[in-house]
Amino acid sequence: MPFRKLILFINLIVFSISCLAETEKLKIKKIIINGNNITKNETVLEHLAIKKNRVYSLEKLIKNIQTSEENLSNLQIFNDVEISFWYTQEDEIQIEIFLTERWYLWPYPIFEISDRNFNSWYRDFKESNYEDWSKINYGIMLDWQNFRGANELIKLKFRKGYKEHYNITYVSRSLSKNKNFFLESELDIFRRKKTDYLISNNKLRYFDNDNDFTSTDFIAELKLINKKEFRISNSIFLKYHRCVVDNEINLLNGTYLNSSNKNNIGSFLKISYSFKNEQRDNIEYPLNGSLTEITLSKSFGIESNINNSEINLKFELHKNFYDKLFFGSSLKSVITNNNNIPYFYSLPIGFNDYIRAYEYYVISGNEYLISKNILKYQILEKTKTEIPFFNKSQFRKSHYSMYVSLFYDLGYVWESELLASEQRNNLSNSTLIGRGLSFDFITYYDKILRIEFSVNKLGEKGIFLHFSNPFGDIKVKRKK
């Protein structure tokens, strides 16, 4: 048992014995922060569920320390967080926080596959007799986390290849003196020589031009977030999207832009309100807790015929119900008042959201309901270790854990019967079931490796590789 954990354990015993005689109240006299060489003290303090000069019962203190550790871990700027308390006087304690900061400045080259997931890319690569390397992106990216020690974020991206992508992102963590308001802003430009223009037989159909770009997208996003508590937030989100396509795409799919102009240009403005209650112990790979997220959106066409209202709902529950057994379940749904929206606006299943065992397919439709369920066993509990050949603490301290799980996904995607019939999308308007076995490996810097063996309703079996939480959104979005 690490020394700090041993001291904390002894303190808990002492305090527990003392509280048997009376319900003692403990006042926090001092809070000491260690290891924050870059992170500002106020950045740490504002995410604690315990405050200096406040009085807590022992039970409440222990619970709030655990909550504080989870809050700081979920900032994703620390590799390790430990909080201990020390007895100073009869009814006073001292809090001590031990942090291991991550490495924050990452200039790194980009060399990546350009597809929805690894298996889709490998299937096409294999069909080309391992000769078609065109679906590769390359470039350079600068990712500066915890900028100025205030948990701000700056991103710059310059990417060429199959899908060109130019990006600038800035996330401000505190706009007001009371630290309640946050700002997220992002600008993206995408250019492609090969553009998907239709979904047929549950697969994307492409138009390409070796000599020129077939589509260009400009996207500007702005998000204002209010957090009165660390785990509960209200957000207002603005998005502007402008798309320019080759004339041939409009001829192949007249609903690609739903635009009345003759310049092959479509655009819209989207405004959203979101409520989020984040109570999971770890946002990347949760084992306990819950998540509730409700988003209301309204879209207005500028150069496209769009007048759309939308409700997005997401609920998650995770529970450690017995020893090393964990259960997780999620329910996600999108409801819209208009299914006749342009192709470039839509986001079918297979991009941000997916159903396991259907990774090879794109399921057309703008309304859906997806339930994901998992029962997992902890093969190897979270183990902290040090990598000997690294000198810097940002890389030396690591952790790893491993799980084996059974999963069962259930989904339904609604599409107009006429469109589904014309394009032979037989997975739309039908119950979709995916089930299987997964091995999950989790390590530091929020890295996850999932190897899944799954079976779908068509009887198709496969082994699929993923690098994210199965309950979360795919990080490689459609335009990216």
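The values are calculated or read from the model by the stated rules, or taken from the named source; none is laboratory data. These figures come from a predicted structure and were not determined experimentally. Every residue, glycine among them, receives a Cβ derived from its backbone with ideal geometry; neighbour counts consider all protein chains shown. Ligands, DNA and RNA are excluded from the accessible area calculation, which covers all protein heavy atoms including side chains. Shrake-Rupley method; radii C 1.70, N 1.55, O 1.52, S 1.80 Å.
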Among the candidates S134, S185, S120, S128, residue that is under 28 Å from F213 (Cβ atoms), surrounded by fewer than 16 Cβ atoms within 10 Å (Cβ to Cβ) and touching an Asp or Glu at 6+ places or on another chain (Cβ under 9 Å): S185
Which residues, counting only those in the stretch 257-272, are hydroxyl-bearing (S, T, Y) and under 29 Å from the mean Cα position of the chain (by Cα)? S267, S272
Could you list, in sequence order, all residues of the stretch 143-162 that are open to solvent by less than 50 Å² (accessible area, probe 1.4 Å), of a type outside the set (S, T, N, Q) and not in a loop (DSSP other than H, G, I, E, B)? D143, F147, E152, L153, I154, K157, R159, G161
Residue pairs, Cβ under 8 Å, 6 or more apart or interchain, first in the stretch 373-401 and touching a residue at least 12 places away in the same chain (Cβ under 8 Å) and among the charged types (D, E, K, R), second assigned to a helix (DSSP H, G or I) and open to solvent by less than 70 Å² (accessible area, probe 1.4 Å). List them. E386/R396
Within the stretch 115-139, count every residue that is under 15 Å from G462 (Cβ atoms), of a type in the set (G, A, S) and free of Cβ contacts under 8 Å to residues at least 12 places away in the same chain. 0
Looking only at the stretch 232-262, which residues are open to solvent by 30 Å² or more (accessible area, probe 1.4 Å), assigned to a loop (DSSP other than H, G, I, E, B) and touching a residue at least 24 places away in the same chain (Cβ under 8 Å)? D246, T255, N258, S259, S260, N261
Any residue at all in the stretch 304-327 that's on the phi > 0 side of the Ramachandran plot, open to solvent by less than 30 Å² (accessible area, probe 1.4 Å) and at pLDDT 95 or above? no
Got a sec? Which of R102, R148 is out of contact with any strand residue (DSSP E or B) (no Cβ under 6 Å at 6 or more places or on another chain), charged (D, E, K, R) and under 19 Å from G35 (Cβ atoms)? R148
For L224, which of the numbered conditions (1) touching a residue at least 40 places away in the same chain (Cβ under 8 Å); (2) open to solvent by less than 50 Å² (accessible area, probe 1.4 Å); (3) in a strand (DSSP E or B); (4) among the hydrophobic types (A, V, I, L, M, F, W, C) fails to hold? (2)
Cross-chain or 6+ apart pairs with Cβ under 7 Å, the stretch 26-48 first and surrounded by fewer than 18 Cβ atoms within 10 Å (Cβ to Cβ), then at pLDDT 95 or above and of a type in the set (D, E, K, R): I32/E96; N34/E96
Give the residue, chosen from F344, F351, that is at pLDDT below 90, in a loop (DSSP other than H, G, I, E, B) and among the hydrophobic types (A, V, I, L, M, F, W, C). F351
Scan the stretch 355-365 and give yes if some residue there is in a strand (DSSP E or B), of a type in the set (D, E) and crowded, with 16+ Cβ neighbours inside 10 Å, otherwise no. no
Is it true that some residue in the stretch 88-107 is assigned to a strand (DSSP E or B), under 30 Å from I451 (Cβ atoms) and open to solvent by less than 70 Å² (accessible area, probe 1.4 Å)? yes
Which residues, taken from the stretch 188-219, are farther than 23 Å from E359 by Cα, open to solvent by less than 60 Å² (accessible area, probe 1.4 Å) and part of a strand (DSSP E or B)? D188, F190, S215, T216, D217, I219
Could you check the stretch 49-70 and list, in sequence order, the residues that are in contact with a helix residue (DSSP H, G or I) (Cβ under 9 Å, 6 or more places away or on another chain), touching a residue at least 12 places away in the same chain (Cβ under 8 Å) and over 18 Å from N282 (Cβ atoms)? I50, K51, K52, Y56, S57, L58, L61, I62
Which one of the conditions (1) touching a Ser or Thr at 6+ places or on another chain (Cβ under 7 Å); (2) closer than 20 Å to N202 by Cα does L419 fail to meet, given that it meets all the rest? (1)
Considering only the stretch 390-440, state which residues are on the phi > 0 side of the Ramachandran plot and in contact with a helix residue (DSSP H, G or I) (Cβ under 6 Å, 6 or more places away or on another chain). N429
Name the residues in the stretch 387-442 that are among the aliphatic types (A, V, I, L, M), assigned to a strand (DSSP E or B), more than 30 Å from G35 (Cβ to Cβ) and open to solvent by less than 50 Å² (accessible area, probe 1.4 Å), would you? V404, V413, L432, I433
Residues of the stretch 137-172 classified as among the aromatic types (F, W, Y) and within 25 Å of T214 (Cα to Cα), total: 4
Taking the residues in the stretch 328-344 that are under 30 Å from F441 (Cβ atoms) and in contact with a Phe, Trp or Tyr (Cβ under 6 Å, 6 or more places away or on another chain) as candidates, determine which candidate is least open to solvent (accessible area, probe 1.4 Å). S330
